[in-house]
Amino acid sequence: MTDQKANNPEESWKEMIEEFGDDHSPLGPKLSKAFTEDSYSLMWHISWFKFAGKMIGEKGKTLVFDPLEGLGAWTVACETKDVIAVLPVIDSYEKIRADWPSENIIFEKNAEILLSADKLFAGVVCFDITEHKSRTEWDSFFEDGSRIVVDGGIVIAGGRGDGLAQILKETASANFKHVFMFGQGQSHPCISPADAVIVLAC
C-alpha cells in the first residue's frame, strides 16, 4: 500500500467504487436497509470482506459465505477474481444473481454440496455480522474449512461479540497449524470497529 493510500482512505476504496459504477440495479431489502439505517456497520462489514480478499489474493477459487446479498462476494472478487458465493437460504437467489452479473462470481444456494468436496479452495471466508453463531457452529466451520482448502490455502473468519476472539482462536487452532489474530483494538485500515476480531488460519 502506498503512503498516499495509507493516509487517504478514499484512495483505498477508489478502484472498488469505480468498478461498482452508477448503473447497479436496486439493492435487496437487507442492503437497502443497511445503507439507510446503519451505514457505519455496513462499511465495517464491507471492510472485513475487503481485508479477506486482500489476504487471499489471486491464488485460486475462493468460497465466500455472503450475508450481504452479493456485496460481500463482489468485494472479495475485486481482489481474488474467482469466487463461489453461498447465500443464506432466506435470500432471493434469483434476484441476487441478477444483481451481480460479474463473470468472477458464481452464486450457490446449497453449501452442503460445496462442503462435501475435497481441497478445492484457495480461500474460505465467513463473517458473523449478526453475532448469532454458536461455538458449535464455529467448530463445524473450521473443521469443514480445513478439509476443503488446498495446501497453502487460508480460512478467514470473524465478527464481533463477547468472547468471540477466544472462541475463534481455539476452534481455528484445533484445525490449523498457524492462526493469526487481527483487530481487537489494533489499528488497521480494513478492520473496524475496535472490538472487531478476525482470524486467519492456514
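The values are calculated or read from the model by the stated rules, or taken from the named source; none is laboratory data. If you're wondering where the values come from, they're calculated on a predicted model, not measured in any experiment. Here Cβ is always computed from backbone atoms with ideal geometry, including for glycine, and neighbour counts include all displayed protein chains. In case anyone asks, the SASA skips ligands and DNA or RNA and just uses the protein heavy atoms, side chains included. Shrake-Rupley method; radii C 1.70, N 1.55, O 1.52, S 1.80 Å.
Tabulated values for the structure
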quantity: Any hit, segment 107-116, residues being modelled with pLDDT of 90 or more and either in a strand (DSSP E or B) or open to solvent by less than 30 Å² (accessible area, probe 1.4 Å) (or both); calculated: yes
quantity: Residue list for segment 42-85, filter: touching a strand residue (DSSP E or B) at 6+ places or on another chain (Cβ under 8 Å) and hydroxyl-bearing (S, T, Y); calculated: T62, T80
quantity: Test: residue in segment 160-182 that is at positive phi and buried (at least 18 other Cβ atoms within 10 Å of the Cβ); calculated: no
quantity: Residue within segment 44-60 that is more than 20 Å from I156 (Cα to Cα) and either touching a Leu at 6+ places or on another chain (Cβ under 6 Å) or open to solvent by less than 60 Å² (accessible area, probe 1.4 Å) (or both) present; calculated: no
quantity: Of all residues in segment 146-159 being surrounded by fewer than 20 Cβ atoms within 10 Å (Cβ to Cβ) and touching a residue at least 60 places away in the same chain (Cβ under 8 Å), the one that is nearest to D128 (Cα to Cα); calculated: I148
quantity: Near pairs, Cβ below 7 angstrom, 6+ apart or cross-chain, from segment 100-113 (on the phi > 0 side of the Ramachandran plot) to any residue that is open to solvent by less than 20 Å² (accessible area, probe 1.4 Å) and not polar (S, T, N, Q); calculated: none
quantity: Residue check, E143 of a type outside the set (G, A, S), without any contact (Cβ under 8 Å) to a residue 24 or more places away in the chain and either within 30 Å of L27 (Cα to Cα) or open to solvent by 60 Å² or more (accessible area, probe 1.4 Å) (or both); calculated: no
quantity: Segment 94-106, subset in a helix (DSSP H, G or I) and more than 15 Å from V64 (Cα to Cα), residue most open to solvent (accessible area, probe 1.4 Å); calculated: E94
quantity: Residue list for segment 119-165, filter: among the hydrophobic types (A, V, I, L, M, F, W, C), part of a helix (DSSP H, G or I) and under 14 Å from the mean Cα position of the chain (by Cα); calculated: F141
quantity: Scan of segment 29-42 for residues that are under 11 Å from L71 (Cβ atoms) and either within 17 Å of the chain's Cα centre (by Cα) or surrounded by 18 or more Cβ atoms within 10 Å (Cβ to Cβ) (or both), ordered by number; calculated: K30, L31, A34, L42
